[in-house]
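Worksheet: the structure to be examined is printed underneath.
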Amino acid sequence: MKLTKLKPLRVSIFWVLGVSVLTGCSSLGVEPWERDLLAKPEMALVSDPIEAGLDDHIYFSKEATSGGRSFAGGGCGCN
Amino acid sequence: MQLVNQSKRMSKKAKNVSTAIAAASCALLGSSAQAEGDFWDFSKDWKFDTGFLYYGETDRVSAVEGVFSATHEPEFNDKFNFKVVLDSLTGASPSGAIAQPNSQTFTRPSGNGQYTAEAGEIPLDDTFRDTRLQMNAQWTKPAWENVTSSYGVHFSKEYDYLSLALNGSLAWDLNQKNSTFSAGLSYASDTYEPVGGIPDPLSSMVIDLGQFPTDQDFQDAFDATRIDSSDDRQTTDILLGWTQVINRSTIMQFNYSYSNVSGYLNDPFKVISLVDNGGIATDHIYENRPDSRTKHSFYWQTKHHFDESIMDVSVRYFTDDWGIKSQTVEYKHLFYIGDSSFIEPQFRYYSQTAADFYQPYLLDSAAVPEFASADIRLGEFTGVTLGLKYGWKTNAGNEMALRLSYYKQSAKDVLDSHPGVLNDLEIYPDMDAVFLQYTYSF
């Protein structure tokens, strides 16, 4: 019952996302002169690579999941 | 005036540091380096990022880690990065064996010496000690119009572990660089050479409780549980990403990553206990995991710039063919304080289900399954991290930041009931850790 209720919702989410990605991306975005905020180093997706690397090492050693943001990789005997 | 003097002193100091680094690098890399000209002029187009981390678990492992990263970026998208990481780890780690109402004795993974667990305590292997050196080099260059290529090498060496990896990726800029599609490939080859060798999976841990007439008899029995001195594993990763500028203040990223690992995937230090119907341990056998694992992860990140703050939120969904599923939510919010400092609260929630073959212990009345591990990292648990970061700019314009985080793992019971004495004992090792991080960029 639950599944049949969910299914049309999932399908419509898929279509809304899919269509907006395919058609919407060209209308999304900014002109080159509107990049003042996006150009700030703090707005980089990984704004602190040292911290990201240290976090990846900690969580890779303590959890069964790795990767996602970057390569899951090999790396150390800690897992 | 004082400020001017100070900043002059600082820039002089920075120059001295740069010169010293330049001299050291040239000495390391030989005179051919000088022929490269501008590349080795460290006062030009270079940026250095350094970091120090202290990581400490209550009564268990503690680690210190230092990072030095140098980036040469003469032009946008034309970048070379070199990173060195050195870390040192010491302390005790759960061996996988179950707690008992009486004290227990175990053989160290090397076969030299023993460790004990007091009554009611989760057995911890106290020989966890390692130093690791990691080096990475990554080159990023424009390949052709609107396409950037990046490739790199990775080296990591511990006393008993070696990892070598190569990676390469391409990124296509579309829609006036408002969208970027990237595709990357990485291959790693790791070799494990544990002290004491590779234990025979599912064989019993040999423990000297006085039953061996001579040391040699014990050694012979221990050696009989070893199948090799080293083993290896190979990892192939594929990463597909889509980055999208939404508007002047919002950027998003979607990533899909695929990872296949094959080869030796056991932890040679971990055992799993066999217990009788009363919950009393009768044996401890070395764990055995499948020799391949395929992982998929879906990652979404959004950054939004408010008037005086920046929100960074990400969600990751992960699944693999070992039966592990996990969700990760991370939220960071940077608040500017004046022109030169910020404060950033950080929150992370992680939750995973157990691997199909994860068991906290096995019943000795049942047949031993083909695969079994009591490594809590393959069990079901949630992890919560709370952190606070404070960053500021020095008078010389260099950036510093301090971060303090608290990380807590809480295990969930994967079984409906437990036999006998195990009902009164702690079965799953919970963990809490504190990390303190300092970063400095110049």
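For a protection proxy built on the mean count of beta-carbon atoms within 10 angstrom, sort A:57-70, B:297-310 highest first, please. Write down the numbers at each step before the final one.
On the way: A:57-70: 22.1, B:297-310: 16.9.
Highest-to-lowest ranking by the protection proxy: A:57-70, B:297-310.
Semi-axes of the equivalent ellipsoid of chain B: what are they in whole Å, largest first, if each equals the square root of 5 times a C-alpha gyration tensor eigenvalue? The partial results should precede the final answer.
Numbers: eigenvalues 412, 133, 110 Å².
Square roots of five times the eigenvalues give 45, 26, 23 Å.
Could you state the angle between the C-alpha long axis of helix B:2-29 and the longest principal axis of the C-alpha atoms of chain B, as a value from 0 to 90 degrees rounded to the nearest 10?
60 degrees
Please check: in the Gaussian network model of chain B (C-alpha springs, under 10 Å), which one of B:Asn247, B:Asn266, B:Asn136 has the largest mean-square fluctuation.
The residue with the greatest mean-square fluctuation here is B:Asn247.
Quote the convex hull volume per residue of the protein assembly as shown, based on C-alpha atoms, as a whole number of Å³.
189 Å³
Which trypsin sites (Lys or Arg not before Pro) in region B:389-442 sit in a loop by DSSP (not H, G, I, E or B) and have at most 13 other Cβ atoms within 10 Å of their own Cβ? Could you put the intermediate results ahead of the total?
Values: sites: B:Lys389, B:Lys393, B:Arg403, B:Lys408, B:Lys412; in loops: B:Lys412.
Loop-located and lightly packed - B:Lys412.
Taking every residue in A:28-34, how many Cβ atoms of other protein chains lie within 10 Å of its Cβ, on average? Walk me through the numbers before you get to the answer.
Details: counts 9, 12, 10, 3, 3, 0, 4.
The shielding value for this peptide is 6.
Nearest 20 debye, what's the magnitude of the dipole of region B:124-229 about its Cα centre given +1 on Lys and Arg Cβ and -1 on Asp and Glu Cβ? Please list the in-between numbers first.
Numbers: 6 positive and 16 negative charges, 209 e Å.
That gives region B:124-229 a dipole magnitude of about 1000 debye.
Can you give me the Cα centroid spacing of region B:34-97 and region B:305-353 in angstrom?
That distance is 22 Å.
Positive end of the dipole of region B:97-186, charges at C-beta (+1 Lys, Arg; -1 Asp, Glu), about the Cα centre: which of B:Gln134, B:Asn167, B:Asn102 has its Cα farthest in that direction?
Going by the charge dipole, the pick is B:Asn167.
Which value at 222 nm does chain B reach when only helices count, each DSSP H run of 4 or more adding -39,500 (n - 2.57), with the total divided by all residues and rounded to the nearest 500 deg cm²/dmol? Numbers along the way, then the final one.
Working: 2 runs with 37 residues, N = 442.
Value at 222 nm, helices only: -3000 deg cm²/dmol.
Just need the relative contact order of chain B here, percent rounded to a whole number, with Cα pairs under 8 Å and 6+ apart. Working shown, then result.
On the way: 1113 pairs, mean separation 56.6, N = 442.
RCO, chain B: 13 percent.
Sort B:283-290, B:76-83 by the packing proxy (mean of other Cβ within 10 Å over each peptide's residues), most packed first.
On the way: B:283-290: 21.0, B:76-83: 16.0.
Per-residue Cβ counts within 10 Å, averaged per peptide and sorted highest first, yield B:283-290, B:76-83.
For region B:181-334, what number of Lys pairs, 8 or more residues apart or on separate chains, have alpha-carbon atoms under 26 Å from each other?
Numbers: B:Lys270/B:Lys295; B:Lys270/B:Lys325; B:Lys295/B:Lys325; B:Lys303/B:Lys325; B:Lys303/B:Lys332.
Close lysine pairs found across region B:181-334: 5.
Please report, in debye to the nearest 20, how large the charge dipole of the protein assembly as shown is about its Cα centre when each Lys and Arg carries +1 at its beta carbon and each Asp and Glu carries -1 there. Spell out each step's value before the answer.
Numbers: 42 positive and 67 negative charges, 503 e Å.
In total the dipole reaches around 2420 debye.
Per residue of B:236-242, what is the mean number of Cβ atoms on other protein chains within 10 angstrom of that residue's Cβ?
Values: counts 2, 7, 1, 6, 0, 3, 2.
Mean partner-chain Cβ count within 10 Å for B:236-242: 3.
Since every read-out is calculated from the coordinates, none of them should be taken as a lab result. Quantities reported herein were computed from a predicted structural model and do not represent experimental measurements. A quick note on method: Cβ atoms are made from the backbone with ideal geometry, for glycine too, and the neighbour counts reach across all protein chains shown.
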